[in-house]
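Below: the structure, in structure tokens.
The values are calculated or read from the model by the stated rules, or taken from the named source; none is laboratory data. These numbers were taken from a predicted model, which means no experiment stands behind them. Note: ideal-geometry Cβ built from the backbone for every residue, glycine included; neighbour counts use all protein chains shown. Protein only, heavy atoms only, side chains kept; ligands, DNA and RNA dropped before computing areas. Shrake-Rupley method; radii C 1.70, N 1.55, O 1.52, S 1.80 Å.
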Amino acid sequence: MLTQIINAKILTPQGWLKDGSVLMRDDKILEVTNCDLAVIGAELFDAKGMYVVPGGVEIHCHGGGGRDFMEGTEDAFRKAIDTHMKHGTTSIFPTLSSSSVDMINRAAETCTRLMREPGSPVLGLHLEGHYLNPAMAGGQMPEYIKDPDPKEYIPIVERWQCIKRWDAAPELPGAMQFGKYITAKGILASVAHTQAEYEDILSAWESGYSHATHFYNAMPGFHKRREYKYEGTVESIYLIDDMTVEVVADGIHVPATILRLVYKVKGVERACVITDALACACAEDAEAFDPRVIIEDGVCKLSDRSALAGSIATMDRLIRTLVQKADIPLDDAVRMASETPAKIMGVYDRKGSLAKGKDADIIILDGDLNLRAVWTQGKLVEGTNTL
């Protein structure tokens, strides 16, 4: 089956291609060209001069459409994934908040099953916790939080090949051993929910931690203890040049000025965007999986308003926020939603850019950056075509 998008402004790894076309055969990109003559036998989509860019690679998302990945069921996974696909996410690493081992096993079993399906957007499981600093728990369920335990995490890793990322606070006892172990297994180790200062972050980097979870959130910045000043986790991560970061670019978790600062200091190559969305994203009701969570001011919070607790954002909103509020160029904003997370997670060989031979994961944005169509591996996502 041939599909062709014509009359498009296409973002390629080499830059923008005006008046071009993208030709897809089944699930792959067959050609990206500046010739938009219709190919005989192809199903045509006229982009009318709109932006054609790679689909979003979501590396931190808890749920959507009223369902949470912590439920562990296939129905919950499919509903949440379908919800985000309709908003520009074409690949996803479902995320679990701090969970019990039984919850991890159920979710891993479901994730493994979905990953085996042809054309699946599911690329692996992300465990956000439960090896976190209790003082920085935020929206995490405190009853599951503990120090890293090799008698617990080694059997989990050995059993489930679907786990591609695991987060921890590096100042905890056993965190360095944990980082070394999981990175040796090809799992991304990420710093999260932490009070780490520079020596902790440097030790973490040397032990394999190469990424920072929702940068600026659930971690301290520059601060004082009595009369003396100390660097926080934020400054420490800035000082590790090659450590990558992710930001919740909903304009609330991280203000536009700080989004701009992250972009300026870390650059598009080392900063990506995430939704950190909860079940209540794009849901008919405002209930989260965690009963402590409420929606207020366009964001999820703990009901006592002591902390933010995830977002209701979608991938298209992240791109608009970067461009329209943080004044980041569209090409770099898109790269932060696609190319950079694909590289961080080691899937750039097939995801994250529009190039011949890659998966046909494509979105179309109009001049106001509203989503107009989504393809995932060459299949038009139902209900997204408004060209």
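Observations
- Given +1 at the Cβ of Lys and Arg, -1 at the Cβ of Asp and Glu and no other charges, the dipole of segment 1-158 around its Cα centre is 400 debye to the nearest 20.
- Angle of helix 175-184 to the longest C-alpha principal axis of the chain, folded into 0 to 90 degrees and rounded to 10: 30°.
- Length-normalised contact order for the chain - Cα pairs under 8 Å, 6+ apart - percent: 20
- Segment 171-298: relative contact order as a whole-number percent, Cα under 8 Å and 6+ apart: 19
- Taking K79, K229, K358 in turn, the Gaussian network model of the chain (Cα-Cα springs below 10 Å) assigns the largest fluctuation to K229.
- Of interest is the spacing of the C-alpha centroids, which for segment 179-223 and segment 331-349 amounts to 20 Å.
- With K and R counted +1 and D and E -1, the other residues having a Cβ less than 12 Å from that of K79 yield a net charge of -3.
- Positive contributions from Lys and Arg (+1) and negative ones from Asp and Glu (-1), summed over other residues with Cβ under 9 Å from the Cβ of I187, come out at +3.
- Only Lys, Arg (+1) and Asp, Glu (-1) charged, at Cβ; the chain dipole about Cα centre in debye: 540
- Working note: 222 nm ellipticity from helices only, DSSP H runs with n ≥ 4, each -39,500 (n - 2.57), summed and divided by the residues of the chain, gives -7500 deg cm²/dmol to the nearest 500.
- When the Cα positions of Q161, G64, P118 are compared along the charge dipole of segment 50-202, P118 comes out farthest toward the positive end, with charges on each C-beta of Lys, Arg, Asp and Glu.
- What the Cβ-Cβ distance of E227 and E269 gives, at R0 = 41 Å and to the nearest 0.05, is a FRET efficiency of 0.60.
- Acute angle (nearest 10 degrees) that the helix 101-115 long axis makes with the longest principal axis of the chain, alpha-carbon atoms: 20
- For segment 1-40, a crude dipole built from +1 on the beta carbon of Lys and Arg and -1 on the beta carbon of Asp and Glu, taken about the Cα centre, is about 100 debye to the nearest 20.
- Angle in degrees between helix 150-159 and the longest Cα principal axis of the chain, rounded to the nearest 10: 20
- For segment 83-150, taking the reciprocal of the average inverse distance between every pair of different Cα atoms yields a Kirkwood hydrodynamic radius of 13.4 Å.
- Accessible area in square angstrom per residue, segment 40-177, 1.4 angstrom probe: 36
- Accessible surface of segment 321-376 [probe 1.4 Å, protein heavy atoms]: carbon and sulfur percent: 42
- Expressed to the nearest 5 percent, the antiparallel share of DSSP beta bridges inside the chain is 50 percent.
- 14 Å beta-carbon shell around E235, net charge (K/R +1, D/E -1): -2
- Taken as Cα centroids, segment 145-165 and segment 118-136 sit 11 Å apart, rounded to the nearest whole angstrom.
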